[in-house]
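Student: A single structure is presented below for examination.
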Amino acid sequence: MIGRKNPPLEFPAIPPDSPLTFDILAQAYLEDYVLQRYRSLNTARGRVEHLRAAFGGWLAAAIRAARSAICYALQRHRFFWGR
């Protein structure tokens, strides 16, 4: 579905020498959704945007550090439960 809230996805080419970042991983994740024709693309977009708020621009290796993942989980928990 394409509309005001869901503009068409654009997948720019990624230079082969670029470092692996969250944004590249998110693009690959959404590309796979399009290629597999999953019906829940809007759900996937929402998930990516939540993660992009925390990890956008980060190197993938930095995200792997347990501390950053725990901090993200605590942030989301506080957002939903106010604690």
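Student: In segment 10-69, which residues are among the hydrophobic types (A, V, I, L, M, F, W, C), loosely packed, with under 12 Cβ neighbours inside 10 Å and touching a Leu at 6+ places or on another chain (Cβ under 8 Å)?
Tutor: Going residue by residue through segment 10-69, those that are among the hydrophobic types (A, V, I, L, M, F, W, C) are 11, 13-14, 20, 22, 24-26, 28, 30, 34-35, 41, 44, 48, 51, 53-55, 58-63, 65-66, 69.
Filter once more, so that each one left must be loosely packed, with under 12 Cβ neighbours inside 10 Å: 11, 13, 35, 53, 61, 65-66.
Phe11, Ala61, listed by residue number.
Student: Does Trp81 count as in contact with a strand residue (DSSP E or B) (Cβ under 8 Å, 6 or more places away or on another chain) and free of Cβ contacts under 8 Å to residues at least 40 places away in the same chain?
Tutor: Working: in contact with a strand residue (DSSP E or B) (Cβ under 8 Å, 6 or more places away or on another chain): no; free of Cβ contacts under 8 Å to residues at least 40 places away in the same chain: yes.
Criteria not met by Trp81.
Student: Could you check segment 57-83 and list, in sequence order, the residues that are in contact with a helix residue (DSSP H, G or I) (Cβ under 9 Å, 6 or more places away or on another chain), within 20 Å of Thr21 (Cβ to Cβ) and not in a helix (DSSP H, G or I)?
Tutor: Those that are in contact with a helix residue (DSSP H, G or I) (Cβ under 9 Å, 6 or more places away or on another chain), within 20 Å of Thr21 (Cβ to Cβ) and not in a helix (DSSP H, G or I): Gly57, Trp58, Leu59.
Student: Would you tally the residues in segment 34-56 being part of a loop (DSSP other than H, G, I, E, B) and farther than 14 Å from Tyr72 by Cβ?
Tutor: Quick first cut of segment 34-56, residues part of a loop (DSSP other than H, G, I, E, B) only: 37-40, 56.
This time we only want the ones that are farther than 14 Å from Tyr72 by Cβ, so: 37-40.
Adding up the residues that qualify gives 4.
Student: Tell me, which residue of segment 14-35 that is acidic (Asp, Glu) and touching a residue at least 12 places away in the same chain (Cβ under 8 Å) is nearest to Leu59 (Cα to Cα)?
Tutor: Taking the candidates together, the pick is Asp23.
A short reminder: the numbers here are calculations on the coordinates, not readings from a lab. These figures come from a predicted structure and were not determined experimentally. Here the Cβ is made from the backbone with ideal geometry for all residues, glycine too, and neighbour counts use every protein chain on show.
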